[in-house]
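Engineer: The structure under discussion is supplied below as structure tokens; questions concerning it will follow.
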Amino acid sequence: PLMLGPALPRYVRVNTLKTSMDDVLTYFKRQGYTYLGKARSIKELIDFGQKSGKSFLQDLHIPNLLVFPPSTDFHKDSLYTAGHLILQDKASCLPALLLDPPVGSCVIDACAAPGNKTSHLAAIVQNKGKIFAFDLDTKRLATMSTLLLRAGVTCQELANQDFLTVSPCDPKYQKVSHILVDPSCSGSGMPDRMRVLTEESGSDQDERLQALSAFQRRAVSHALRFPSVQYVVYSTCSIHQQEDEDVVKDILEQHPDFRYVHILSLWYTAIMLWR
Ligand code: SAM
């Protein structure tokens, strides 16, 4: 059986590397959309999931994020194809926003493909400084190159490499102060993948979760070994405690020089560790 919730609105991030919120608002108004201003409550956002037609809002929490009815299709929109708009769910905008690297800083995106969060990080650092982005999967990395090119990202250095083998001692990474770890996870918190837990047998699921959370532990621990790192954001799209809170608890026991803030318990586990 499937667990079905209300449809989510269509979220669109305005790519400030290529355009501005004002220009995008003007564009959509000219296309016949009604701009309803900034959302005033979470309920208003949730209710937007039931809407249809040509109207849109600005998100309540995330800067440069617009909210459209779920049926709105942007794939042929000229602003989308030119990389001015990024189709990115609200939850997926939180990690880069919370990491918030200063303009010009050195950042690692440890598990980066297909690169929506990398492009968001690049917008936050205004394409200045450096983003070292790693991924194991060649195909996903190729998709990522295309996405970053379209988004006008120029401060990245991509590597088809296991993040766990990236040496924290390499002089190249000596100035890395901010790291995003968005590792492979069960995806159990994704609306289209939310299955009732009975779909997989208990032991299969336990084994899978154990393997995923073991990798997540290794990846976050590895991030904390970089000599200048100050902030690490670890994010998953899982609702399993084994992948989220348990990982953080273990890591903090192993790394007493880091502390954490549980910033938003809403929808998504976004945990920031800092020294
Ligand atoms: N951050 C991406 C984004 O916002 O578009 C999504 C990342 S996805 C959740 C996890 C990624 O981690 C996958 O692309 C996977 O190939 C990659 N991955 C898995 N193990 C890895 C490893 N050891 N080193 C680097 N990347 C890895």
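Engineer: Taking the stated definitions as given, is Ser221 within 14 Å of the ligand (Cβ to nearest atom), among the polar types (S, T, N, Q) and over 15 Å from Phe163 (Cα atoms)?
Structural biologist: Working: within 14 Å of the ligand (Cβ to nearest atom): yes; among the polar types (S, T, N, Q): yes; over 15 Å from Phe163 (Cα atoms): no.
No, not satisfied.
Per-residue answers, yes or no, for (1) surrounded by fewer than 23 Cβ atoms within 10 Å (Cβ to Cβ); (2) of a type in the set (Lys, Arg); (3) at pLDDT 95 or above:
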| position | (1), (2), (3) |
| --- | --- |
| His75 | yes, no, no |
| Gly83 | yes, no, yes |
| Lys90 | yes, yes, no |
| Leu98 | yes, no, no |
| Val107 | no, no, yes |
| Ala112 | no, no, yes |
| Ala123 | yes, no, yes |
| Asp135 | no, no, yes |
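Engineer: Filter the range 122-156 down to residues that are of a type in the set (S, T, N, Q) and assigned to a helix (DSSP H, G or I) and give me whichever is farthest from the chain's Cα centre (by Cα).
Structural biologist: Among those that are of a type in the set (S, T, N, Q) and assigned to a helix (DSSP H, G or I), it is Thr138.
Engineer: What number of residues within the range 87-121 are outside any loop (DSSP other than H, G, I, E, B) and either farther than 23 Å from Asp59 by Cα or within 10 Å of the ligand (Cβ to nearest atom) (or both)? Give the steps one after another, and end with the answer.
Structural biologist: The initial filter retains those residues of the range 87-121 that are outside any loop (DSSP other than H, G, I, E, B), namely 87, 90-99, 106-109, 116-121.
Adding the requirement that they be either farther than 23 Å from Asp59 by Cα or within 10 Å of the ligand (Cβ to nearest atom) (or both) leaves 92-93, 95-96, 106-109, 116-121.
The qualifying residues number 14.
Engineer: Against the definition (in contact (Cβ under 8 Å) with a residue 60 or more places away in the chain and under 20 Å from Tyr234 (Cβ atoms)), how does Ile179 come out, yes or no? Give the steps one after another, and end with the answer.
Structural biologist: Details: in contact (Cβ under 8 Å) with a residue 60 or more places away in the chain: yes; under 20 Å from Tyr234 (Cβ atoms): yes.
Considered against the rule, which asks whether it is in contact (Cβ under 8 Å) with a residue 60 or more places away in the chain and under 20 Å from Tyr234 (Cβ atoms), Ile179 comes out as yes.
Engineer: Another question, if that's okay. Can you tell me how many residues within the range 137-147 are open to solvent by 80 Å² or more (accessible area, probe 1.4 Å) and either within 8 Å of the ligand (Cβ to nearest atom) or not polar (S, T, N, Q) (or both)?
Structural biologist: Taking the range 137-147 as the starting set, the residues that turn out to be open to solvent by 80 Å² or more (accessible area, probe 1.4 Å) are 138-140, 146.
Going one step further and asking which of them are either within 8 Å of the ligand (Cβ to nearest atom) or not polar (S, T, N, Q) (or both), we end up with 139-140.
Qualifying residue count for the region: 2.
Engineer: Also, I was wondering about something else. In the range 15-65, what count of residues is obtained for those that are without any contact (Cβ under 8 Å) to a residue 12 or more places away in the chain, within 21 Å of His120 (Cα to Cα) and not charged (D, E, K, R)?
Structural biologist: 2
Engineer: Of all residues in the range 148-184, count the ones that are open to solvent by less than 30 Å² (accessible area, probe 1.4 Å) and within 14 Å of the ligand (Cβ to nearest atom). Please lay out each step first, then the result.
Structural biologist: We begin by selecting, within the range 148-184, every residue open to solvent by less than 30 Å² (accessible area, probe 1.4 Å); these are 148, 151-153, 155, 159, 163, 166, 168, 173, 176-181, 183.
From what's left, within 14 Å of the ligand (Cβ to nearest atom): 148, 151, 153, 159, 163, 166, 179-181, 183.
The total comes to 10.
Engineer: Please enumerate the residues belonging to the range 232-250 that are in contact with a Leu (Cβ under 6 Å, 6 or more places away or on another chain) and over 14 Å from Ser186 (Cβ atoms).
Structural biologist: Answer for the range 232-250, where residues must be in contact with a Leu (Cβ under 6 Å, 6 or more places away or on another chain) and over 14 Å from Ser186 (Cβ atoms): Val232, Val233.
The values are calculated or read from the model by the stated rules, or taken from the named source; none is laboratory data. Remember, it's a predicted structure, so these values are computed and weren't measured experimentally. Virtual Cβ from ideal backbone geometry, glycine too; neighbours counted across all protein chains shown. When the accessible area is computed, the model is the full protein with side chains, heavy atoms only, and any ligands, DNA or RNA have been set aside. Shrake-Rupley method; radii C 1.70, N 1.55, O 1.52, S 1.80 Å.
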